[in-house]
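First comes the structure, then the notes that go with it.
The values are calculated or read from the model by the stated rules, or taken from the named source; none is laboratory data. The structure presented is a predicted model; accordingly, all values stated were derived computationally and were not measured. Heads up, the Cβs are rebuilt from the backbone with ideal geometry, glycines too, and the neighbour counts pull from every protein chain shown. Note: areas computed on protein heavy atoms with side chains; ligands, DNA, RNA excluded. Shrake-Rupley method; radii C 1.70, N 1.55, O 1.52, S 1.80 Å.
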Amino acid sequence: MSKQAIIDTAKSQIVAYNDKDWDAVDRILAADVEYDEIATHRDLHGKAEVVEAWRGWAKAFPDSKATFEREVVSGDHVVLEMTWRGTHKGPLQTPDGTIAATNKPIELRACQVVDVAGDKVQVIHHYFDMATMLEQLGVNR
């Protein structure tokens, strides 16, 4: 695969999330995908677990979308810098419990390190600052 094809594959899982297109997510992720969401301490394995977590984020932030700031590729590994934006309209599951909708917006810088295998996303390490998000929501934890 070309470098651009590897980048496009890595980005495709975020584009599918942006569209809340769960069928596309299913096609993009490898069956045994590994997803490590560092801020929440979630280490998920397999498409079903990942989609369930992402549906939870979409329920909490129905309008949530990421915009890409920069990408770097080395072999089959891609680093994506992005900014997540959305409005907290539903229950948010956190390691410390559920946070009821605050109707407040978030704007959060994030980074993903993505491993691509063929035309599938195999591994995702997702880094973002949970403290900043909670501050923007007005939640003291």
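Using the Cβ-Cβ distance between His125 and Asn103 with R0 set to 30 Å, the FRET efficiency from 1/(1 + (r/R0)^6) comes to roughly 0.45.
Ignoring ligands, DNA and RNA, what percent of the 1.4 Å accessible area of the chain is carbon and sulfur? Result for the chain: 50 percent of the exposed heavy-atom area is carbon or sulfur. Considering only Ala39, Ala58, Ala30, the mean-square fluctuation computed in a Gaussian network model of the chain, springs between alpha carbons under 10 angstrom, is largest for Ala39. The Cα atoms of region 1-70 define a convex hull whose projected area, averaged across directions, is 5.2 nm².
Filter Lys3/Lys89; Lys3/Lys59; Lys47/Lys89 down to the pairs with a C-alpha to C-alpha distance above 30 Å, please. Intermediate values should be presented prior to the final figure.
Working: Lys3/Lys89 38 Å; Lys3/Lys59 34 Å; Lys47/Lys89 25 Å.
Beyond 30 Å: Lys3/Lys89; Lys3/Lys59.
On the basis of the beta-carbon distance and an R0 of 22 Å, Arg27 and Glu52 show a calculated FRET efficiency of 0.85.
Before I look further, what does region 76-141 give for accessible area per residue, probe 1.4 Å, in whole square angstrom? About 50 Å² of surface per residue is accessible. Considering every alpha-carbon pair of the chain, the percent of pairs per 5 Å bin, from zero through the bin containing the longest distance, is 2, 10, 20, 25, 21, 12, 7, 3, 1, 0.
Using 1/(1 + (r/R0)^6) with R0 = 22 angstrom and r between the beta carbons of Ala117 and His41, what's the FRET efficiency to the nearest 0.05? It would help to have the intermediate numbers written out before the result.
Details: r = 25 Å, r/R0 = 1.14.
So the FRET efficiency works out to roughly 0.30.
Given the options Asp26, Asp96, Asp63, state which has the largest fluctuation in a GNM of the chain using a 10 Å cut-off (strictly under) for Cα springs. In the Gaussian network model the winner is Asp96. The phi torsions of region 78-83, fed into the Karplus equation with coefficients 6.51, -1.76 and 1.60 and a -60° offset, translate into couplings of 10, 9, 10, 9, 8, 10 Hz, rounded to whole numbers, with Gly and Pro shown as x.
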